[in-house]
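One structure is given below, encoded as structure tokens.
Derivation of every value follows stated rules applied to the coordinates shown; laboratory data play no part. A quick note: this is a predicted structure, and the numbers were derived from the prediction, not measured. Cβ: placed from backbone, ideal geometry, glycine included. Neighbour counts: every protein chain shown.
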Amino acid sequence: MNNIYHIELQHWLEDSSLTVTKEFIAEANKASARALANLQPLTDLIATEITGRLEMDRHMPAYSQGEFSYSLRDVVGQEKPLFYRTYKDGTTTLIFDENSEPMALLPTDCSQLLVHRLDCDPSQSYLPIALDPLGNERFILNLKNMFTGLYFPINLEVDAIAPQLAWLDSTRFVYIALDHRNRPFQAWLYHLDLQQSELLYEEFNQRISLSVRRSESGQFIFLTATELQKSSVVYHTHCEAANPKFALLRPGKELQQDQLYHQGEYFYLISNHQGENYGLYRTKVKDTLCLSWDCLIPPSATKQLVRLQVFAKHLVLYTREEQFITISVISPQGKPISTIPMPEAHYVISRAENRDFESNCLRFNYSSLLRPHTLYEFNFTTQQLSHIDQITVNGYCPEEYCCEYLDVCNQGVKVPVSLVYKKSLLREQGNPMLLYTYGAYGYCFPDEFTSTRLSLLDRGFIYAIAHVRGGGERGPQWHDKGKGLHKKNSIEDLICCAEFLCEKNYTSAEQLALMGESAGGLVVCAAINQHPAICKAVVAINPFVDVIDTLSNEALPGTSEEWCEWGDPHDPQMAEYIASYDPIKNIRKVSDYPDMLLSCAMHDAQVPYWEACKYYLQHQNQYTNAEIILTINTGGHQNSSARYSNINTLATQYSYLINKLSGPE
């Protein structure tokens, strides 16, 4: 590629074994601790507030699976949940303690451990546990006998796996191996009886990643091969096959994405093979070549088919229109039977546990900016929607708060912005505001309730979310117009939203903070390069700020797979475009940059720790006036499930923002 766009910036930081790198990290963390020390009383107060609102001792609703039911429980003083199984006679047994058991299984420090409980086998004898000791998304597999409590020896042929597997029966499962770049590239069949693995499928194309799942019916295993996040093909094999082999469902083509489901004598398919929008199709299972697909629901320019949920006698279709999901029950022919009513006009839907294929009820999670997460159950026969459970938030009165949904116009494009605040604290001259954004990968950032946010709202903050282009809030086109050669739209959308909120006196530049994580950190840091005085402070968590250098380094995990989202820097036109907004390459020698709180993680496999470090040093090299606090954590891109640790991290961010925008308490 054209090296004109590379700046030789502190590349020594990329080698964590160097003494100079270790010294830099240690000094940065010491400086961070000194800078935040005066905020510790406020941080402790906020952490106490957050903890006080939560049910720290809570038994979550049980879900049925075969002859058992399962549930999670949070316990006061415990960082992570306990997993229980209840028998038909009412006897309840602790199956997995996430606090202690991983520590016994791993010889290394587990402070940043990621744990995934995977699907148990059909006989419900074995619970697979995927453990990532470092947070670098390279998992090892453990298998626990849920009747004896003992761990079953597993002898895999690979160094690391993806946190997924699919059982053919109670003695065989398919798992996915990772290559040295964390690409899921092999599907293996493991025989418990033989304690041996057998390679079923290997993907040699470096741009294709594999994933595996068992159909809800329990009759098929589906293997999906996805190229650069933009096209996919599906392979399948029957669970009863003595010698399973994955057969291609149907040929793929560029930009085609397929989601496969099974019920009875039919395969169902959500696909965009007729264009950029998705339709619903089906074919007979006995048509082994799957050449003839009947269109049940044609593609729509306004409604996006998101996914299908399959039960033995019912089909549930999730569709997105604008930002909101609609849940509909449809016939096997795709005809509408009923649409589940929602209690509010603006809401977020997420998956709940629906493990009983024969069930006559659908469960789903519901939330909004004002409503805590609520579990609902819809009865297919009676058409009744029942409230099962809601997270209790101590001291919270929803009627004291208000939310607004705005459209901010950016050159004729309406960008959605969501706001929530406490009514009694709204001021005519504007309030301190935290404006959050993400805007990448077609991800729809949820307008959902979080009790932690109340520590800001109760101090007069407005919390705002800018749903900029690059996300999926308004369909595939919204994503397309915020990626690749359109990425600057995301940045300009954020600037436009910030300016609008200041013009309308919701806030002012002196009272505004921007926040972004990962790809959202790119948008935020690029925005302040274009408009340094747009805000008073920035919080950037694992920010993707060294864009062109990272995308050019194919030795890093997932680099080539990212080109679909950001562009291939080997293309001169694309390299020039990326370089024009790359946050590190565009830091200016100006005196009005906002102050910043940056954090990164040493074992982050998605955004390397050195990106934030280079960004920090480049600000120093350019002699900008920004006061930047940089914290380099252990761990990875994803937060662990450690409740108290996560609360303390968030409390630190909030105390920083309160101090910057409202002054010392």
Q | Pairs from K423/K481; K80/K536; K30/K585 whose Cα-Cα separation, in the structure shown, is over 32 Å | A | K423/K481; K80/K536
Q.
About the Cα centre, and with charges only on the beta carbon of Lys, Arg (+1) and Asp, Glu (-1), how big is the dipole of the chain? Nearest 20 debye, please.
A. 1000 debye
Q | Restricting region 353-430 to GluC sites (Glu not before Pro) in coil, as DSSP defines it, with at most 15 other Cβ within 10 Å | A | E358, E428
Q) Against the longest principal axis of the chain, how steep is helix 572-581, in degrees 0 to 90 to the nearest 10, with axes from Cα atoms? A) 60 degrees
Q) Tally Lys/Arg at +1 and Asp/Glu at -1 over every other residue whose Cβ is under 10 Å from the Cβ of Y654; what's the total? A) +1
Q: Once you have a ≥ b ≥ c as the square roots of the Cα gyration tensor eigenvalues for region 441-485, tell me rounded if a/c is under 1.5, and otherwise prolate or oblate according to whether a/b is larger than b/c.
A: prolate
Q: Counting helices only, and only those DSSP H runs with n ≥ 4, report the 222 nm mean residue ellipticity of the chain as the sum of -39,500 (n - 2.57) divided by its residues, in deg cm²/dmol to the nearest 500.
A: -6000 deg cm²/dmol
Q. For labels at Q124 and H346 in the simple 7 Å Cα→Cβ model, what's the distance in nm?
A. 4.2 nm
Q) Relative contact order, percent, of the chain when contacts are C-alpha pairs under 8 Å separated by at least 6 residues? A) 11 percent
Q) Relative contact order for region 180-277: what is it in percent, counting Cα pairs under 8 Å that are at least 6 residues apart? A) 17 percent
Q: State, as an integer percentage, the relative contact order of region 565-665 based on alpha-carbon contacts under 8 Å between residues 6 or more apart.
A: 26 percent
Q) Taking Cα atoms, how many degrees apart are the long axis of helix 609-621 and the longest axis of the chain, rounded to 10 and kept between 0 and 90? A) 10 degrees
Q | Net dipole in debye of region 12-109 [+1 Lys, Arg Cβ; -1 Asp, Glu Cβ; about Cα centre; nearest 20] | A | 200 debye
Q) Between L385 and K414, what is the spin-label point distance in nm, taking each point 7 Å from the Cα along the Cα→C-beta axis? A) 2.3 nm
Q.
Please give me the summed charge of the neighbours of T319: other residues whose Cβ is under 13 Å from its Cβ, Lys and Arg +1, Asp and Glu -1.
A. +1
Q. What shape does the chain take by its C-alpha gyration tensor, where a ≥ b ≥ c are the square roots of the eigenvalues and a/c under 1.5 counts as rounded, a/b above b/c as prolate, and the rest as oblate?
A. rounded
Q.
Let me make sure I get this right: for region 567-665, a, b and c are the square roots of the gyration tensor eigenvalues over alpha carbons, sorted descending. Under 1.5 in a/c it's rounded, otherwise prolate if a/b > b/c, else oblate. Which is it?
A. oblate
Q) Dipole of region 521-665 (Lys/Arg Cβ +1, Asp/Glu Cβ -1, origin at the Cα centre): which of V539, M602, V524 lies farthest to the positive side? A) V539
Q) Which number comes out as Rg/Rh for region 405-476 once both Rg and the Kirkwood Rh are worked out on C-alpha atoms? A) 1.01
Q) At D480 and A37, where each label point lies 7 Å from the Cα along Cα→Cβ, what is the point-to-point distance in nanometres? A) 5.6 nm
Q. Which whole-Hz ³J(HN,Hα) couplings does region 647-653 yield from phi under the Karplus relation 6.51 cos²θ - 1.76 cosθ + 1.60, θ = phi - 60°, glycine and proline marked x?
A. 4, 5, 4, 5, 4, 5, 4
Q: Find the Rg to Rh ratio for region 302-454, where Rh is the Kirkwood radius over alpha-carbon pairs and Rg uses the same atoms.
A: 1.01
